[in-house]
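Reading through the structure tokens given below for one structure.
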Amino acid sequence: MGNSGDVYERHYMPSFIDADCQAIYLGTTRREDLIRAVGRLERHDNAPDKLSDTQKKEISNHPYILKKVKARKSYALKIKEDGYATIKAAEGTFWYKKHHEAQRKINCKKNKLRNELLDNVINNFHETVHVDEVDRQMRGILPDTEVLTPSTIEYELEERATVAKLLF
């Protein structure tokens, strides 16, 4: 669709879940407690949505960016040497075109690096966010007994019970 995450969340993602898809699929009664629990789930507030100052500095210190900034400065000096008071005043000249092209390449590369780094940071966050919970489970600390209680649902058809056991 091309929408950014914020627009998608605000307009297309419901904030309240009121359907029990498992019950619909398996033909069982709705589990209101499950619906309420899932409805209260929140998105990770700590998930990064922008780069830190250190990460922005990392982009600015990228070798390609530094090379193009140096070239752009040399073009600006050439413009000044030709007697123009500002870079804008030199519009249409050879050095202005070179300066403008260097600036475009800098902006393009910065945007590409920024997007790649932000995607990597977000992916890394989601890959490691549950490490503490997994560590607790690995040490043998079990979750609440409420979570571990098996379902007491009785199914009308044996096939549905088999599917439910396989899925959940």
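Taking the condition out of contact with any Phe, Trp or Tyr (no Cβ under 6 Å at 6 or more places or on another chain) and at pLDDT below 90, does His100 pass? Quick ask: steps written out before the conclusion?
Details: out of contact with any Phe, Trp or Tyr (no Cβ under 6 Å at 6 or more places or on another chain): yes; at pLDDT below 90: no.
Considered against the rule, which asks whether it is out of contact with any Phe, Trp or Tyr (no Cβ under 6 Å at 6 or more places or on another chain) and at pLDDT below 90, His100 comes out as no.
Specify which of the listed residues (Arg136, Arg160) is at pLDDT below 95, over 30 Å from Thr29 (Cβ atoms) and open to solvent by less than 100 Å² (accessible area, probe 1.4 Å). Talk me through it step by step, then tell me what you get.
Values: Arg160 fails: over 30 Å from Thr29 (Cβ atoms).
Checking each option against the conditions leaves just Arg136.
Could you pull out every one of the helices (runs of 4 or more DSSP H) wholly within segment 53-131 that has 3 or more residues that are of a type in the set (A, V, I, L, M) and open to solvent by less than 100 Å² (accessible area, probe 1.4 Å)?
Values: elements: 53-60, 63-81, 94-128.
Hits in segment 53-131: 63-81, 94-128.
Which one is modelled with the lowest pLDDT among residues in segment 27-52 that are surrounded by 13 or more Cβ atoms within 10 Å (Cβ to Cβ) and under 21 Å from His126 (Cβ atoms)?
Val38
The values are calculated or read from the model by the stated rules, or taken from the named source; none is laboratory data. Here the structure is a predicted model, which is why all the values come from computation and not from measurement. Methodologically, a virtual Cβ is constructed for each residue, glycine included, from the backbone with ideal geometry; neighbour enumeration extends over all protein chains shown. Just the protein is used for accessible areas: all its heavy atoms, side chains included, with ligands, DNA and RNA removed. Shrake-Rupley method; radii C 1.70, N 1.55, O 1.52, S 1.80 Å.
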